[in-house]
Amino acid sequence: MQIPTQLTQLQAQGITHLAGLHEPVTVTLIKEYNHVYRIECQQGIFFLKMHTKDWYPPEDVETGFSVRHEQSAWSVLASHGLATPDVLLAWNTRKNPLGLPFLLTRKLPGRSLVEMLKHYQDDKLQWDELLSTTGEYLQQMHRITFRFPGYIVDNKPDGPLDDTKWQHPIWSARQRQMTALAQLQQEQSKLSQQTTKQLQILFSTLKEVLEAEYQPPRFTHGDCHAHQFYLHQNEVEKWMVSGCVDMEVASAGDSLQDLVKIAIEMVREFTGRDWWTPLFTGYGKEPNFDTFRLRLLCAGENEFQWSGTRLEVLNHLLQASNWSELFTFNRSHSMRSQRYSRF
């Protein structure tokens, strides 16, 4: 895929004209891979997103699949009464000033959950309310069910999974087991024999242990991070989620994976602080500890970015016996003599 090194002001002007905005604009590159640009004009702040990660197939540029996918995910959420970004344009062809499919959305009100939590970290009332409000939003999202697992495109997955094609681990317990075992095989040189054996035992029954939690397939963000949720206060100063961003993995599948991804980031940002109690309270239930931890053990090394080796992180997860232990990663304690897990 040939990606422009920058979105020029002329291109941005042409795109905003398509959206009915006829004003001078300024353009700022926010991130690459995927490329996101901030476009400002008198009528507001907007974000243009192109799907530029190298795993997208070449035909994605021609079909606009990824644009349709994200737009569809927000459409499903909005149809169930959840707040979503205002999509001005979801252009799924090359016929535009950029020459590539793109999404153009209006800036969400408020700030990201992580920013808000850092701002209110000394105010327990606000801290808890921010987390419980996010938990409520997630609960509503995860109540949305589908007949089949898979990517949400045109408001639903097309049909049953095709076992001859690539699958995401959040689509089936079978695929999660296969991915976990393959990953363990690749990582053995980083692990002790004891840790490897424990994980082999756990992963050998993973499909049977998790299968029921994949049914029915539920709306799943798929690559869910705390900083992707934006919150603001309404006219009576009640916290509200204004929307969540980056729906490029949105699927029908294992919705509890969203909480796992949030947990990984929250441990990194707020280790030692109880964020899970208000989040689970808002969510309406506490997940099963053992199967939650099992999902964490399946996560890849690149997903954590915790201050420890792969062996230290996995040993920490294996040794934890409650939420406080699980979510308080202390590298100096992670290599103590192991006790067998409660699995």
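The values are calculated or read from the model by the stated rules, or taken from the named source; none is laboratory data. Values in this document were obtained by computation on a predicted structure and should not be read as measured data. Neighbour counts run over all protein chains shown; Cβ positions are idealised from the backbone, glycine included. Side chains are part of the model used for accessible areas, which takes the heavy atoms of the whole protein and leaves out ligands, DNA and RNA. Shrake-Rupley method; radii C 1.70, N 1.55, O 1.52, S 1.80 Å.
At a glance:
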| read-out | value |
| --- | --- |
| Karplus-derived 3J(HN,Hα), 6.51/-1.76/1.60, for each residue of the stretch 157-173, Hz, glycine and proline x | x, 5, x, x, 5, 9, 5, 8, 10, 4, 10, 7, x, 7, 8, 8, 5 |
| Gained length - Glu59 relative to Ser189, 0.36 nm times residue gap less alpha-carbon distance | 43.0 nm |
| For peptides 82-93, 257-268, sequence by mean Cβ density within 10 Å, most packed first | 257-268, 82-93 |
| With all protein chains modelled, accessible area of Tyr151 [1.4 Å, Å²] | 60 Å² |
| 3J(HN,Hα) from dihedral phi, the stretch 295-311, Karplus parametrisation 6.51/-1.76/1.60, rounded to Hz, x for glycine, proline | 5, 4, 5, 7, 5, x, 4, 5, 7, 7, 6, 7, 7, x, 6, 4, 4 |
| Hull volume in cubic angstrom per residue (convex hull over the Cα atoms of the stretch 57-117) | 119 Å³ |
| Mean projected area (nm²) of the alpha-carbon convex hull when the stretch 182-325 is viewed from all directions | 9.8 nm² |
| Hydrodynamic radius of the stretch 159-239 per Kirkwood, over alpha carbon pairs, in Å | 15.8 Å |
| Separation of the Glu269 and Gln6 label points, Cα + 7 Å toward Cβ, nm | 3.0 nm |
| Charge dipole magnitude, Cβ of K and R +1, D and E -1 - the stretch 233-306, Cα centre, debye nearest 20 | 220 debye |
| Pairs beyond 25 Å (Cα-Cα), from Lys31/Lys190; Lys165/Lys285; Lys165/Lys207; Lys107/Lys238 | Lys31/Lys190; Lys165/Lys285 |
| C-alpha long axis of helix 9-18 to longest principal axis of the chain, angle in ° | 80 degrees |
| Expected 222 nm ellipticity per residue - DSSP helices of 4 or more, -39500 (n - 2.57), all of the chain, to 500 | -11500 deg cm²/dmol |
| Whole-angstrom Cα spans of the chain along principal axes, big to small | 65, 51, 37 |
| Cα long-axis angle, helix 65-79 against the chain (0 to 90 degrees, to the nearest 10) | 80 degrees |
| Accessible carbon and sulfur surface of the stretch 66-215 relative to its total accessible area, %, 1.4 Å | 48 percent |
| Highest-first arrangement of 275-286, 160-171, where packing means the average Cβ count within 10 Å | 275-286, 160-171 |
| Cβ-placed point charges (K, R +1; D, E -1), dipole of the chain about Cα centre in debye, nearest 20 | 580 debye |
| Solvent-accessible heavy-atom area per residue, rounded to whole Å², over the chain at 1.4 Å | 47 Å² |
| Cα gyration tensor shape of the stretch 112-264, rounded if a/c is under 1.5, else prolate or oblate by comparing a/b with b/c | oblate |
| Cα gyration tensor shape for the stretch 51-202, rounded if a/c is under 1.5, else prolate or oblate | oblate |
| Cβ-based charge dipole, the stretch 49-191, positive-most Cα from Leu125, Val67, Asn96 | Asn96 |
| Equivalent ellipsoid semi-axes - Cα gyration tensor, the stretch 1-107, angstrom | 20, 19, 12 |
